[in-house]
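In what follows, a single structure is set out as structure tokens and then discussed.
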Amino acid sequence: MEDVIRVDDDWYVLASSSRTDDRTRVLKQDETFCLFDRYGDIQHIGAGEQGLYHEGTRFLSCYELTINNLRPLLLNSTVKQDNSAMTVDLTTPDIFSGNKISIHSGTLHIFRAKYLLGGAQYEHLRMINYGQHVLTTTIEIKFAADYYDIFQVRGIKREKTGTRLPQKDFKCSVRLGYKGLDDIERYTVITFSEEIKLIAPDTIQLQCKLEPHEEGNCYISISCQTGNEVNKPLPYETVVQQTNESIRLLSSKRASLFSSNEQFNDWINRSAADLNMLTTDTPHGPYPYAGVPWFSTAFGRDGIITALQYLWLYPDVARGVLAFLSATQATTLDPAIDSEPGKILHETRAGEMAELGEIPFKAYYGTIDATPLYIVLAGKYYKRTGDRPFIESIWHNLERALEWIDKYGDRDGDGFVEYYRESDNGLVQQGWKDSNDSIFHHDGKPAEGPIALVEVQGYVYHAKKTMADFYKLFGETLRYQQLIADAARLKTKFNDVFWSDRISTYVIALDGNKKQCEVTSSNAGHTLYSGIASREYARRVADTLTSDDSFSGWGIRTLAKSERRYNPMSYHNGSIWPHDNSLIVMGLAKYGFYDKALKILTGMFDTSINMDLNRLPELFCGFDRLPAQGPTLYPVACAPQAWASGALFGMIQACLGLTFSAEKPQIRFHYPQLPDYLQRLQISNLRFGNAVIDLSLRRHLNDVGINVIRKEGDIGIVVTL
């Protein structure tokens, strides 16, 4: 009986089948990523996001391995801690020939290892006969390539699609093809190291004969090719060597962390490895792509926040993000893509639908916060590195971004920055909570635009102070004084207009009539990060955010339980986002609320313990924490997600009160704190200018001690206890 059936365009699986295990494994390398099931296969199940993707297109939509027409039994499946490869151990059930068992269960060991490199997937398939008799098996691989654009996979229907090209069969390979409506030909080439026994339209068979304790090996490459390019497969050993060398080189450039708590180390290592995997080499430098599968591309806001979180450990990412966003900064007024001169990119997409304009995201600018955050990142990058030549190289872009804030961001001249969608197909909500129902009034009624978000005013305040510092650095005293005065006026007006005594926090937004959207949300916590909150109100915001209404025990909800639209299973109205919590922790520490910062860090740590591979997802559900129960997953969250992976590092820096002074040069710790489950924390290979330093931090009853283990170059350490 078939355990998978097809109905129209969807595939369904019997509940009793091993295929019901929906946990996926992810690999990514530059513009290519793959989602496998735990067997190493790619299956058609439900809407089915599994597949091999390259530059926004799915080049392989089915890839299933069977032995003598039976699916193997899973023994173990994992992705290596450094994300270099996926490895799978399998065996077979009892295999019959007529009424007799020809292969006993547990006799044949099947090993699969998968790598991605240069737009191709490479697989090592190894089989070992641990029996006492000769085994002859038929290895069968079913395959398909639907060449769906990523937006089709997400559910968008297209009126017309391109043309499937005839399958071409060769002695050791098969080529599938598709000619899109964009007139681009895309090919999937599956190549085997062994001669193929049988090739059918969707099936390949190989023969394997093994003596007792004999080992058989087959190497398979699946190459994604576009246009006239021909990518000759690399030897498998070369792929392994190049992958390992790339990871080793990257690790040598960034600082690393090691603690006295092994579970905390698992979270550290997974987060660092995920950031490494998601970071893509672009012509402008490294850029952390937002997340797999839906957001494996450059997003302005996501890239900036990830760079801010990871800046203290690896500033090269921030430089890459700033360079990329400077190169793609809007230069024209184009309502179709919500573009205005000086505005920073929201997202960019490759693929057939973007190329044809079926979606507006080839280069889309519908974000209200990326532009001020871009300025904030530039300021933080300079303080971290003292890299004045780079700041000078993007100075024109920074000034244009500042001009956009005043000319286009503040639509009505009231001093607040608002958004209103110009594009018919663009985003209705253009803050980080960009689902259509995320901004509303206390009674649940949707807010009409233009919308002035609470956190965005803080970002603008931070951006103006940053640009003031730059003007001071460049000797433009008058401009410095003007921007400092602008920032001060904004802070005063903001605290007057956005505060609500009734909910004891800042409201989420002002609507188009300047009426408060009096809703208790996590957005208010970002005002602590930016510094726009007054000292008096900051304490009340902190208390509200860490109350049972907002804090679930795992983290701070996007929306408090008392709100009309609260739904712990929603995308933005009651769920918990790790990056959101990290920015709040960074703000809490800035105002000296270390106890609350550590409370949230601990909730996120406990969450990581309960997650597959210790990987924090894009978001999870906001249900209350209950005894002996873990957090509830959000079913279609991206994992990994860059700013979720970066959350840990931003929170650690905040709790350590760690900052940098390029002028001295100095590394400074201001009232450093460690939670009670971390007795020691080691920071290795921390680079600052031409210096490098290793530090050991030890938690004591009332403070944290810091010892210098290694120091090379001119650098000072200042600790305030």
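Overview of values
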{"item": "So ASP169, is it surrounded by 12 or more Cβ atoms within 10 Å (Cβ to Cβ) and charged (D, E, K, R)", "result": "yes"}
{"item": "Those residues of the range 405-450 which are closer than 18 Å to LYS514 by Cα, in contact with a Pro (Cβ under 6 Å, 6 or more places away or on another chain) and part of a loop (DSSP other than H, G, I, E, B), in sequence order", "result": "ARG411, GLU418, TYR420"}
{"item": "Strands (runs of 3 or more DSSP E) completely within the range 1-50 that count 2 or more residues being modelled with pLDDT of 85 or more and in the same structural domain as CYS224 (by TED's automatic domain parsing)", "result": "24-29, 32-37"}
{"item": "Those residues of the range 46-68 which are of a type in the set (A, V, I, L, M, F, W, C) and under 23 Å from the mean Cα position of the chain (by Cα), in sequence order", "result": "ALA47, LEU52, PHE59, LEU60"}
{"item": "Total residues in the range 78-94, condition over 19 Å from CYS218 (Cβ atoms) and not basic (Lys, Arg)", "result": "8"}
{"item": "Members of the range 114-139 found to be of a type in the set (A, V, I, L, M) and in contact with a Gly (Cβ under 9 Å, 6 or more places away or on another chain), listed by number", "result": "LEU125, MET127, ILE128"}
{"item": "Tally of residues being without any contact (Cβ under 8 Å) to a residue 24 or more places away in the chain and crowded, with 22+ Cβ neighbours inside 10 Å across the range 407-462", "result": "1"}
{"item": "Which numbered condition PRO627 misses (of (1) surrounded by 17 or more Cβ atoms within 10 Å (Cβ to Cβ); (2) out of contact with any strand residue (DSSP E or B) (no Cβ under 8 Å at 6 or more places or on another chain))", "result": "(1)"}
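The values are calculated or read from the model by the stated rules, or taken from the named source; none is laboratory data. Just so we're clear, the structure is a prediction, and the values are computed from it rather than from any experiment. Counting neighbours? That spans all protein chains shown, and the Cβs are built from the backbone with ideal geometry, glycine included.
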